[in-house]
Amino acid sequence: MPELPEVETVRIGLQRFLPGRAIQAVDFDWPKGFPNASGDVTAFLVGARVTAVRRRAKVLLIDLSTDYTLVCHLKMTGQMVFVGAERFGAGHPSESLIGKLPDKTTRVTLRFADGSHLFFNDQRKFGWMRLLPTVQVPELDFFKKVGPEPLADDFTHTLFVQRLQRRGKTSIKAALLDQTVLAGVGNIYADESLWGAKINPATKVADVPAAKLKTLFTELQYVLRLAIEKGGSTDKNYVNAEGKKGSYMSFARVFRREGQDCPRHPGTAIIKTRVAGRGTHTCPKCQPLAKT
Ligand SMILES: [Zn+2]
């Protein structure tokens, strides 16, 4: 499942290539992945220009000159590939990022007036693209419930603590993963930031000292920014905007490193346990469970 940095990597690439291009035609082979009335498609998508590509949580928003927005959810295996004079592909790692398109995973194809194409590929068919009036996008049930963006300029340490305290009785890891508390944080960045702040993931939110929550805030923003800079986290065949493989996993300090030494404690191995129903990576020395 892509997390915030992976979807942001897709957004950054599409924002470079799509704005200004006019959509000439759309093809789709999977109606559930493109649940739009044909009248709306003809009136508001075909002929429209892309004005911007935004992201909210793990959802991409392709804004159009018709004041409609194509809301795109990549889900488990979605990816976006732009093919024009240059090529850009990001999202789920598969050969389709670099192969000839469309292929058997292509669900939606947007053809632009200049002959370039955007391919929405999705092996497992859970993803979708929905055309909506731009003003209605914030009214989607999902957007009404989702928490604030952890990298927004107005997202402060105080707000971070307030959001976590809404889940005072749950583990700190479960609170970080709760999309109504914060948007876009998943398993990788929860584990990495908790190791950074030396907090045991099973600690109840209410039992985490204030100073540690402050460190966690800094660490979370650090790992998210680092991952975006490195082009997302996927460790297999991943190609980002510049055709480079995403390299964050090689920078991960605990995630999927069980059995290897903690970077702070040579001789102490990272262990894998289960917290909040998810595989969880910790250093037993850095992150002992606090006595309560
Ligand atoms: Zn350690």
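Each value in this text was obtained by applying a stated rule to the coordinates, not by laboratory testing. Quick caveat, the model's predicted, so the values are computed rather than measured. Ideal geometry is used to build each Cβ from the backbone, glycine not excepted, and the neighbour counts take in all protein chains shown.
What's the total number of residues in the range 13-57 that are outside any loop (DSSP other than H, G, I, E, B), closer than 24 Å to Glu149 by Cα and without any contact (Cβ under 8 Å) to a residue 40 or more places away in the chain?
4
If I ask for residues that are among the small types (Gly, Ala, Ser), surrounded by fewer than 23 Cβ atoms within 10 Å (Cβ to Cβ) and farther than 15 Å from Val7 by Cα, which ones from the range 173-231 would you list?
Within the range 173-231, Ala174, Gly196, Ala197, Ala202, Ala206, Ala210, Ala211 meet the criteria.
Can you name every residue in the range 280-291 that is exposed (fewer than 14 other Cβ atoms within 10 Å of the Cβ) and more than 8 Å from the ligand (Cβ to nearest atom)?
Answer for the range 280-291, where residues must be exposed (fewer than 14 other Cβ atoms within 10 Å of the Cβ) and more than 8 Å from the ligand (Cβ to nearest atom): Pro288, Leu289, Lys291.
Which of the residues spanning the range 54-67 are surrounded by fewer than 23 Cβ atoms within 10 Å (Cβ to Cβ) and under 16 Å from Leu110 (Cβ atoms)?
Leu61, Asp63, Leu64, Ser65, Thr66 - these are the residues of the range 54-67 that are surrounded by fewer than 23 Cβ atoms within 10 Å (Cβ to Cβ) and under 16 Å from Leu110 (Cβ atoms).
Please pick out the residue among Leu159, Leu101 that is surrounded by fewer than 21 Cβ atoms within 10 Å (Cβ to Cβ), more than 20 Å from the chain's Cα centre (by Cα) and farther than 30 Å from Trp30 by Cα.
Just one listed residue meets the conditions, Leu159.
Would the range 63-70 turn up any residue that is assigned to a strand (DSSP E or B) and at positive phi?
No, the range 63-70 contains no residue that is assigned to a strand (DSSP E or B) and at positive phi.
Looking at the range 259-277, which of its residues are surrounded by 15 or more Cβ atoms within 10 Å (Cβ to Cβ) and away from the ligand (no atom under 11 Å from the Cβ)?
Within the range 259-277, Lys272, Val275, Ala276 qualify.
How many residues does the range 125-136 contain that are closer than 13 Å to Leu64 by Cα, surrounded by 15 or more Cβ atoms within 10 Å (Cβ to Cβ) and of a type in the set (A, V, I, L, M)?
2
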